[in-house]
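Since the structure comes first, as structure tokens, the remarks are kept for the end.
Read-outs: derived from the displayed coordinates by stated rules, not from any lab. For clarity, every value in this text was computed on a predicted model and none was experimentally measured.
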Amino acid sequence: MTAHFLRRVAALGLVASCTALASSCSLFRTSVPAEPTLGMHAGTPAQLAQLDFGRRTKFAKCVPPACPTRTPKTLALEKPSQPIGREAAVTPAESVAPAPLAQDPATEAESSRTVIVQFGLGSAQLSHAARAKLNGAMGDPLHVRRIKIVGRTDSTGPLAFNESLALARAITVRDHLRKTHPTLAATLTLQARGACCFIASNDTVAGRTQNRRVEVVFQMSDEILP
């Protein structure tokens, strides 16, 4: 009886010693946490995936197609390799104003026509060149509505003489138009003023020749001439 009791006590002491030894060995064992994996499969290379954002960012290995889909938040913004200058920037198209419509020269020529004929010094007689010029400028008399005849002189001589000479030159042109075109139905207006309204300098012979003139304006419409 005593021997049996002693054997049981010895066995209990051996068990207690083994338990204490096992506990002491576990104190020196380093625990290595297993890395979380997402959908690991044998034979497929694993990838590193981001599981969260900001301070809660975590990374874990995963195998496609179990890896999370990339979003704009997980992709770094690529910076341009070269700075974009002002020249490369797209500028808005400038508005271009339409060009003004030019008046048809033919229409302008038909609405009004001005002819200038010169006279000799102190003379109110038309030369052959002046007569031919007036005949060519008249055209079709039926299309002429109004004719304004303006007599001019140079600065040579007294003012009263130049006034009468300017009027005589205008009358000469009027009489020539009526004689060469008997059916002329246009309204004729006479104006005359001597030693006035020069178109050239009176200091030269050429300038005085240009000033001894009559201006004839043929109006092809019913508009009143200035």
**Q.** Residues with amide H under 5 Å from that of Gln47, placed H, sequence gap 5 or more
**A.** Cys62, Val63
Q) Can you give the relative contact order of the range 119-226 as a percent, counting alpha carbon pairs under 8 Å and 6+ residues apart? A) 40 percent
Q: Send over the Kirkwood Rh of the range 149-188, from the inverse of the averaged 1/r over different Cα pairs, rounded to one decimal Å.
A: 11.2 Å
Q) Given H placed 1.01 Å from N in the peptide plane, which residues other than close sequence neighbours of Thr189 have an amide H under 5 Å from its amide H? A) Ile147, Lys148, Ile149
